[in-house]
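S.K.: Structure incoming, see below.
The values are calculated or read from the model by the stated rules, or taken from the named source; none is laboratory data. Note that the structure is predicted; figures quoted are calculated from it, not measured. Note that we place each Cβ from the backbone using ideal geometry, even for glycine, and neighbour counts take in every protein chain shown.
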């Protein structure tokens, strides 16, 4: 089985084929996504919210992300596995960024890392790429900066902000990213950026003209995720789990489970020898 590479993703853009990406945070989910044909699996720092129960992505640690990423890497054998560098694991300087990225490669076994930010992150991206580690960029609504944004707000609506995002997209490309996420920006701006750069763009809340799409899995399957305008629910997994648990609880209380088919029958007991 051949694993998807960064060159495969670029070739998809050149052929006009869409890139399919989703998040995963554990081994069984990664295995399912991999076998379902997803091109890229991201261990997003959204794990902070949907898996670890934090109120934002800010508290999740590098060590926590490495544990989750290692589980995903063990479950995915075909998709490109990308790990998110969490808040304050790369912002101090390029040396810190390289060390954090290196831990993901060595300890978790992922194929690439992702980090947020434009101009301020370009030096860190270049340092990581120069060390031989593929990097995915992330522009627009960058959740780790939600405090500076005054909340999770659409970015790039004003002309000056839009121009800055286009400039930063070129800067990230020059720094060596193999792809970039465009999140929470007007679809026309996402289309402009996607046409202006050679590396693939992967959109989330950025319209259909990006080179691919990504969603947080828990949002998409209705497993305690958020209710956002840009999310389409493809399943109600939370409702199905609740139904199953309630049925199990009822059967246990009514002594309907376990039934005869779920029990083990006794074998022939060895009799002790009669005393002489």
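S.K.: Taking the condition of being without any contact (Cβ under 8 Å) to a residue 40 or more places away in the chain and farther than 18 Å from residue 90 by Cβ, how many residues in region 132-151 meet it?
M.R.: The number of residues fulfilling the criteria is 3.
S.K.: Do we have residue 240 as over 30 Å from residue 117 (Cβ atoms), under 25 Å from the mean Cα position of the chain (by Cα) and free of Cβ contacts under 8 Å to residues at least 24 places away in the same chain here?
M.R.: The answer is yes for residue 240.
S.K.: On to the next question. Checking the conditions here, which among 154, 51, 129, 110 is buried (at least 22 other Cβ atoms within 10 Å of the Cβ) and either within 13 Å of the chain's Cα centre (by Cα) or in contact (Cβ under 8 Å) with a residue 24 or more places away in the chain (or both)?
M.R.: 110
S.K.: Among the candidates 228, 178, single out the residue that is closer than 24 Å to residue 39 by Cα, surrounded by fewer than 16 Cβ atoms within 10 Å (Cβ to Cβ) and in contact (Cβ under 8 Å) with a residue 12 or more places away in the chain.
M.R.: The match here is 228.
S.K.: For region 251-267, state whether one or more residues are loosely packed, with under 10 Cβ neighbours inside 10 Å, under 32 Å from the mean Cα position of the chain (by Cα) and without any contact (Cβ under 8 Å) to a residue 12 or more places away in the chain.
M.R.: no
S.K.: Looking at (1) surrounded by fewer than 24 Cβ atoms within 10 Å (Cβ to Cβ); (2) assigned to a helix (DSSP H, G or I); (3) touching a residue at least 40 places away in the same chain (Cβ under 8 Å), which one does residue 96 not meet, given that it meets all the others?
M.R.: For residue 96, the exception is condition (3).
S.K.: Taking the stated definitions as given, is residue 224 in contact with a helix residue (DSSP H, G or I) (Cβ under 7 Å, 6 or more places away or on another chain), within 29 Å of residue 81 (Cβ to Cβ) and at pLDDT 95 or above?
M.R.: In short, no.
S.K.: Can you find a residue in region 63-82 that is closer than 23 Å to residue 127 by Cβ and either over 14 Å from the mean Cα position of the chain (by Cα) or surrounded by fewer than 19 Cβ atoms within 10 Å (Cβ to Cβ) (or both)?
M.R.: yes
S.K.: If you check 200, 143, which single one turns out to be modelled with pLDDT under 95 and buried (at least 21 other Cβ atoms within 10 Å of the Cβ)?
M.R.: The unique qualifying residue is 143.
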